[in-house]
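Below you'll find the structure, written out as structure tokens, and then a few comments.
No lab work stands behind these numbers, since they all come straight from the coordinates. The model shown is predicted, which means the values in this text are computed figures rather than measured ones. Positions of Cβ are generated from backbone atoms using ideal geometry, with glycine treated the same way; all protein chains shown enter the neighbour counts.
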Amino acid sequence: MIVRVATLADLNCCLKLDHTCFTDHVWQMKVHEGTSELNVTFQTVRLPRQMRADYPHSVEQLVEHWQQQAGFLVAEIDGEVRAYVDVVPQPWQQMGWVANLAVEPAYRRRGLATALVRQAGRWAKEQNLHSLLVEATTKNYPAIGFYQKLGFRFCGFNDHYYPNQDIALFFVQTLTR
């Protein structure tokens, strides 16, 4: 596997990747509102059957990020792009936002995403950024587990964040110097 900076030719390969995932668990949000406090909790819930979780971002967003020429990396196997990560620097927060991360389904659970996120962290440090922020829908349980396995910590949510009104979960990882 080779992890490298994406070229323009790679962008079309990234756009063609199947971004969907399947899950049998979700993070269910519960809100308890009192007169002087508000409690929000997330609970892992097993679904009665496996469900498809569509990718929440648009092709236009990916193209727009590509045009910014920031931290766009691909993982290549046998000369073919099989995964990518798109990191957008947020210098005022000293943070790199992992806006997109996708792995071709046949190549998942083979270390491509791990290699890409680690290289994204190195890239972010070179940009003098101090942390990486990732997001996932409550329905993308595989991504949530993946980010937690890499040491990302839950740091918040945004209800109705995506065009389909799904909840976004945010996780952060401090980059060591």
* In segment 57-136, how does Rg compare with the Kirkwood Rh, expressed as the Rg/Rh ratio over alpha carbon atoms? -> 0.96
* Asked: So how do H130, H19, H160 line up by other beta-carbon neighbours within 10 Å, fewest first?
  -> H160, H130, H19
* Structure fact -> Taking max minus min of the Cα coordinates of segment 11-61 on each principal axis, largest first, gives extents in Å of 52, 29, 9
* **Computed [θ] at 222 nm, deg cm²/dmol, the chain (DSSP H ≥ 4; -39,500 (n - 2.57); rounded to nearest 500)** => -7000 deg cm²/dmol
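Placing unit charges on C-beta atoms (Lys and Arg positive, Asp and Glu negative, everything else neutral), compute the dipole magnitude of the chain about its Cα centre in debye, rounded to 20.
680
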* **Residue order, fewest to most surrounding Cβ atoms within 10 angstrom, among D54, D166, D86, D78** => D78, D54, D166, D86
* Of Y55, I2, L169, which is farthest along the charge dipole of the chain in the positive direction, counting Lys and Arg as +1 and Asp and Glu as -1 at C-beta? -> I2
* segment 2-174: equivalent-ellipsoid semi-axes (sqrt of 5 x gyration tensor eigenvalues, Cα, Å) -> 28, 20, 14
